[in-house]
1. Report, to two decimal places, the Cα Rg of the chain normalised by 2.2 N^0.38 Å (N = number of residues).
2. Take ILE26, ILE154 and order them by how many other Cβ atoms sit within 10 Å, fewest up front.
3. Report Rg (one decimal) and Dmax (nearest whole number) for region 25-87, counting Cα atoms only, units Å.
4. Looking at the chain, send over the antiparallel percent of its DSSP beta bridges, to the nearest 5.
5. Ratio of Rg to Rh for region 54-164, alpha carbon only, Kirkwood?
6. Which value in deg cm²/dmol, rounded to the nearest 500, describes the helix-derived mean residue ellipticity at 222 nm for the chain, given -39,500 (n - 2.57) per DSSP H run of n ≥ 4 and division by the residue count?
7. Along the principal axes of its C-alpha atoms, what lengths does region 129-224 span, in descending order and rounded to whole Å?
8. When Lys and Arg each count +1 and Asp and Glu each count -1, what net charge do the other residues less than 12 Å away from ASN3, Cβ to Cβ, add up to?
Amino acid sequence: MDNKLITVTSPLLPNLDDLNEMLKQIWASKWITNNGQFHKQLEKELAAYLKVPYISLFTNGTLPLITALQALRITGEVITTPYSFVATTHALWWNGIKPVFVDIDPGTGNINPDKIEAAITPKTTAIMPVHVYGKPCDTKRIQEIADQYGLKVIYDAAHAFGVEVNGESILNAGDLSTLSFHATKVYNTVEGGAMVMHDERMKKRIDYLKNFGFANETTVVGPGINSKMDEVRSAYGLLNLRQVDAAIEARHQVAIKYRNALRNVEGITFFDDMPGVRHNYSYFPIFVDAKKYGMTRDELYFKMKDLNVLGRRYFYPLISEFSTYRGLESARPDNLPEAHKMANSVICLPMHHSLSDEDVERVLKCIVK
Ligand SMILES: *Cc1c(COP(=O)(O)O)cnc(C)c1O
């Protein structure tokens with residue numbers, strides 16, 4: 001039997017000849033970064049594709065988080081989730097902000113809005129939720145709380161490329177949203193990211209901040225950083241945008257196969273599509289109930305590994321368990337029971353655009369008894 005390694009993800013790659021044609025144009029122009037032609041074109045095409053008014057490209061998905069906090073002058077304490085990739089909380093730390101962890105809703109993996117108010121103190125200035133696995137947060141409820149207490153909302157939307165609720169982009173929620181275009185994400189520019197904003201003034205301000213704060217040749221408006229996307233990756237991004245819909249549909253088909261096969265497996269649960277939501281199928285997490293399934297999460301994870309099928313315990317450990325954060329009062333496990341439960345039961349199954357039927361069969365064979 002073919003036993004090739006099945007990886008948890010695989011990057012969407014543009015056609016090499018097409019990329020080479022674009023590289024020739026970049027070489028001919030000798031304009032390789034600093035708001036070049038492809039950078040501008042990608043911002044325009046992404047805004048249209050994502051149905052957002054304004055977008056600013058970045059070199060990765062972490063710097064727009066750090067820059068969003070700078071742009072809104074967020075200080076003190078920010079309410080966030082421990083169930084995310086560590087960059088969410090690191091962005092707060094890099095701004096000298098104290099993260100305050102709030103437990104998650106076990107039905108979605110997202111921050112539980114009902115737990116937010118109890119975590120607000122006089123020092124709280126913002127809420128930083130994450131659309132985990134691309135599943136939309138309860139943005140309406142979060143905005144109500146933010147409005148009532150005068151807080152800003154910055155969404156880490158790294159997983160939520162192209163996600164829509166009733167035809168509207170989830171990226172329009174809150175004050176600012178950030179995206180990651182890392183190689184492992186649904187849409188990638190090798191490394192890359194973006195910030196989505198509501199108006200032209202904020203777009204201008206963000207464009208200054210990602211270029212050292214330069215507003216013109218001689219004016220620096222603030223302590224900006226350098227996180228501009230270059231022309232090579234912008235060109236790569238333009239090509240990948242043309243095939244991302246097909247990639248999302250291929251992921252959708254894998255999700256359907258996984259769900260059909262796993263629906264009646266005792267002790268294994270997963271998320272179904274939410275009504276009115278256009279999902280991007282960025283991840284396929286399953287949750288293992290060791291008592292019912294007869295095997296712990298880790299036993300299944302390592303069994304898969306032995307069979308050359310790589311899952312990922314994403315997100316495990318929780319951010320609140322890392323040495324930087326575990327001393328915080330809000331990081332105590334008894335404050336975060338649902339997050340711990342999810343982190344201790346999750347395996348993300350292989351999920352990408354190029355999984356074959358045989359690959360899916362092999363993954364399922366590890367799990368279905
Ligand atoms: C990937 C990711 C990031 C970081 O993005 P990079 O492009 O790798 O810097 C931040 N938050 C979440 C939730 C992510 O999944």
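1. On the way: Rg = 20.9 Å, N = 369, 2.2 N^0.38 = 20.8 Å.
Cα-based Rg divided by the globular estimate yields 1.00.
2. Working: ILE26 19, ILE154 27.
Exposure proxy ranking, most exposed first: ILE26, ILE154.
3. 15.9, 49
4. Numbers: 24 of 39 bridges.
DSSP beta bridges in the chain are roughly 60 percent antiparallel.
5. Working: Rg = 13.0 Å, Rh = 14.0 Å.
Reported Rg/Rh, Kirkwood definition of Rh: 0.93.
6. Values: 12 runs with 130 residues, N = 369.
After summing the helix terms and dividing by residue count, I get -10500 deg cm²/dmol.
7. Principal-axis extents of region 129-224 (Cα, largest first): 44, 38, 21 Å.
8. Numbers: positive: LYS4, ARG362, LYS365; negative: ASP2, ASP306, GLU358, ASP359.
Summing Lys/Arg as +1 and Asp/Glu as -1 gives -1.
All of the numbers you see were taken from the coordinates with simple rules; none came from a lab. Because the structure is predicted, anything quoted here is derived from the model rather than measured. Every residue, glycine among them, receives a Cβ derived from its backbone with ideal geometry; neighbour counts consider all protein chains shown.
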